[in-house]
Amino acid sequence: MTTEPIYKTDALIAENIDAYLEAHQHKTMLRFITCGSVDDGKSTLIGRLLYDSKMIFEDQLATLEADSKRVGTQGGEIDFALLVDGLAAEREQGITIDVAYRFFATEKRKFIVADTPGHEQYTRNMVTGASTADLAVILIDARKGVLTQTRRHSYLVNLIGIRHVVLAVNKMDLIGYDKATFDNIVAEYGEFARSIGIEEFTAIPISGFKGDNITGPSEFTPWYTGPALLPFLESVEVDVTADQEQPFRLPVQWVNRPNLDFRGFAGMIASGSVRPGDQVRVLPSGKTSTVSRIVSLEGDRDLAVAGESVTITLADEIDCSRGQVIVAAQAPLEVADQFESTLVWMDETEMVPGRAYWLKIGTQTVSATIHQPKYEVNINTQEHLATKTLDLNAIGVANITTDREIPFSAYADNRDLGGFILIDKITNHTVAAGMIHFALRRAQNIHWQATDIGRDHHASMKHQKPAVLWLTGLSGSGKSTIANIVEKKLARMNRHTFLLDGDNVRHGLNKDLGFTEADRIENIRRVGEVAKLMTDAGLIVITAFISPFRSERDMVRGMMQPGEFVEVFVDTPLEVAEARDVKGLYAKARSGQLKNFTGIDSPYEAPENAEMRIDTTQMTPEEAADLIIARLIP
Amino acid sequence: MTQKTLTHLQRLEAESIHILREVVAEAENPVMLYSVGKDSAVMLHLAKKAFYPAPPPFPLLHVDTTWKFRDMYALRDKAAKDAGMELLVYQNPEAAERGINPFDHGGLHTDMWKTEGLKQALDKYGFDVAFGGARRDEEKSRAKERVFSFRSANHRWDPKNQRPELWRLYNARKAKGESVRVFPISNWTELDIWQYIHLEGIEIVPLYFSAPRPTVERDGLTIMVDDDRFPLRDGETPVTKSVRFRTLGCYPLTGAVESTATTLPEVIQEMLLTTTSERQGRAIDHDQAASMEKKKQEGYF
């Protein structure tokens, strides 16, 4: 029996405590989960790790020895399992019923072990324990090989996104350290693992009871040349720094407002890093600003990274509260209100499709409705089964609708922004854990989906440069007449055009709008959006709208690509236009039959910096059209 | 891109601050239970960091037994003042009236002053969330304790009715009358606590450092005679010994260890080389292995 701990730090502690503290201070942390049933020797293995890394004190050892004799299952020898089986009720039943967290440290790392049971509640407990783990140790009894439960544990480990898997083939002492048996188990497991998406794993032959290949190479397995368990756990790369490579995301947890002069946004950075001066965007509002400070008790910092809890301030006074996410301005998150998700049901009461639950994701809690599951997964066989609901420990895929749009990531990309819990609104129980796959209504995303055929492609097929010729001027100034001639001339030149005329649009798209200021603004906004779509399609758009307000014309200009918007001021003095009165509208307005008529009882704001000015008192409509085309196609 | 490796202490600190802020964002009336020990000192320090430049937006509550060390009372008042926080001190009036003390009343002393006192204080002020400085590595039954631990309206802890905690998502919703005990330093070990105190320069009670102190031997424990309420037996005279304390509670119930450690590194050195677990110095735990769990079900922290 190998009981001599190889982790001998006592000498250093005794001789140079400062050096020891310095070394310990720089240790990293690995969180892992052990999966296996009572019979696999899981508790024994953890007890062994605690024992070998000297986390057992003499008084605990004395208790352990006494307990081993009293209730132990190892025939009077030290029963390491008793170190980790906690609650009194469990100890009497000889089973563990929950997730327990154990701590030990070696010379290189601090470890937190999530110990989860292998019986009925395995799914709920394992998913809980795995949700914070970097690595999973899957235990197999060498005498039994790959069992249904091995497949189940592996499926859950992969589902929760753990990238590092150790296959610990335990109880090697009971099969005489037979290499062939070990090799067969590894081959069988490998085939299965790859079939469910586990690309890599490290297989180690061990004996938790005897201590083989735990802290160092066992003399009984000379054929095994890989690492022992602890040295492997000490050296495996942790994902924590990988998150730093992703774009910056800070779910706002709490707004710090001690006085009117300070407004800090506090939270844990979910990915990326941040420095003062970084451009950021607040989602879902989309407002942008610049990071001014990273505030801390020790003074301002110049860098903070994923996994740190920080407080930052922004240069601008923008709206930002708990639940919103501050992101890198150039790499925003998706925002949506319908998702496809995997759900792990965790409550005694089964899921009710159509019922509203609280959904907590990141720092935000919203109301959410679950649709009928698309299917349930048989976690032993990984088959998809039809179902109407999910009950305790069931795993399925379902669509979810939230009552408002939330910023999110796919769970595969980020656990903090893609993992959620569902809470029953009456009992307040946490009833499910969920993992977002993707949003359903992609049109509602804050940024555009990239389409394969882009606006440049549309334009090049038409051998032209898209543009908007925006004719503005008083009623009766000649806009429609000039626009019509421009379009005819362009058509003769084989240009693809479209004329949006004020009166025509009001017969269809905008027939719900009147002539109040608000309606006129909306009228122009819609026409602007339509014109924008048409330029995306590669067209030359000609518009003829009074469009009396500068701000709306500027708004439309802002929608277009630089240089695409050509504002044409059709400048006809009021008295000339009124004298023409082609449609008899001025007469109606003067007699009071027509309200809010531009130039009479509603203002016209003449352009100040229009690309072109057409003085209709100095030229004919034909001449005006030629002038406009000459500018468009030099 | 800039890479920065976070140490285990940095990750623990970030997790604890996240938990503290989550409670403040979701609770109606939170309070921090402050026992003046080293774990409380670290928890208070983390709260200062979490809410800086604001002071922590909740009061400190000391459930007093009137039998703490004098040094503890001194640091308690100073620490609250330094943090800019309100300090509430609660003493169970019934225990005071009946003169409950550790010498004559044994287990009743802890039950009346601490367990009952805590329930009364939480009810009196209507606190819905109470931060506590318990750690999972302290004792076996605590290894399974949630970070957010739910208590029924009568403060009972039901091991079967605790919520799963996934990722960093804590469900803090509760019905009226129910309350939550939240343990922000659940994942810290005793060594982590000491290391952090050392690194951050956190002020702790001087009793943690060795000094000549008047002591007597009682039931296998070395007890410090901290004031003249200590009933000396016939012929018993306090002996001055160089001692310190690994945990702090009511002075007549807290065992001292002989030591020469007068600095933090020396304390940590002694802790690492020692061969008995932390709670061994507390008389309260000496009955049976699962005693903490029983006390927890009854409402003891």
Within the stretch B:178-195, residues over 13 Å from B:ALA27 (Cα atoms) and either more than 11 Å from chain A (Cβ to nearest Cβ) or not charged (D, E, K, R) (or both) come out as B:PHE183, B:PRO184, B:ILE185, B:SER186, B:ASN187, B:TRP188, B:THR189, B:LEU191, B:ILE193, B:TRP194, B:GLN195
Counting only residues that are closer than 23 Å to A:LEU159 by Cβ and in a loop (DSSP other than H, G, I, E, B), the stretch A:353-379 contains a total of 8
Going through the stretch A:279-321 in order, the residues found to be surrounded by fewer than 20 Cβ atoms within 10 Å (Cβ to Cβ), within 12 Å of chain B (Cβ to nearest Cβ) and within 16 Å of A:PRO247 (Cβ to Cβ) are A:LEU303
Of the residues in the stretch B:1-59 that are within 7 Å of chain A (Cβ to nearest Cβ), part of a loop (DSSP other than H, G, I, E, B) and β-branched (Val, Ile, Thr), the one that is nearest to A:LYS110 (Cα to Cα) is B:THR7
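Matching residues to (1) away from chain A (no Cβ under 14 Å); (2) at pLDDT 90 or above:
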{"residue": "B:GLU139", "(1), (2)": "no, no"}
{"residue": "B:ALA143", "(1), (2)": "no, no"}
{"residue": "B:PRO164", "(1), (2)": "no, no"}
{"residue": "B:GLU200", "(1), (2)": "no, yes"}
{"residue": "B:PHE230", "(1), (2)": "yes, no"}
Per the filter on the stretch B:83-109, residues within 14 Å of B:SER35 (Cα to Cα) and either surrounded by fewer than 17 Cβ atoms within 10 Å (Cβ to Cβ) or in contact (Cβ under 8 Å) with a residue 60 or more places away in the chain (or both) are B:LEU87, B:VAL89, B:GLN91
In the stretch B:175-190, anything crowded, with 20+ Cβ neighbours inside 10 Å and in a loop (DSSP other than H, G, I, E, B) is listed as B:PHE183, B:PRO184, B:ILE185, B:SER186, B:ASN187, B:TRP188, B:THR189
Residue pairs within 6 Å by beta carbon, gap of at least six or interchain, first lying in the stretch A:475-504 and in contact (Cβ under 8 Å) with a residue 12 or more places away in the chain and under 19 Å from A:MET534 (Cα atoms), second among the basic types (Lys, Arg) and assigned to a loop (DSSP other than H, G, I, E, B), listed first then second, are A:HIS496/A:LYS462
The residue from A:ALA606, A:ALA624, A:ALA589 that alone is in a loop (DSSP other than H, G, I, E, B) and at pLDDT 85 or above is A:ALA606
Problem - Condition check for A:VAL566: part of a helix (DSSP H, G or I) and touching a residue at least 12 places away in the same chain (Cβ under 8 Å) - result: no
**Asked** Can A:ASP337 be described as farther than 15 Å from A:TRP254 by Cα, charged (D, E, K, R), in a loop (DSSP other than H, G, I, E, B) and in contact with a strand residue (DSSP E or B) (Cβ under 9 Å, 6 or more places away or on another chain)?
**Response** no
A:ALA459: passes all of (1) farther than 22 Å from A:ILE614 by Cβ; (2) of a type in the set (A, V, I, L, M, F, W, C); (3) free of Cβ contacts under 8 Å to residues at least 12 places away in the same chain but (3)
For the stretch B:70-99 the number of residues that are at pLDDT 90 or above and either aromatic (Phe, Trp, Tyr) or part of a loop (DSSP other than H, G, I, E, B) (or both) is 6
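The values are calculated or read from the model by the stated rules, or taken from the named source; none is laboratory data. The structure displayed is predicted, hence computed values, not measured ones. Glycine gets a Cβ as well: all are built from the backbone with ideal geometry, and neighbour counts include every protein chain shown.
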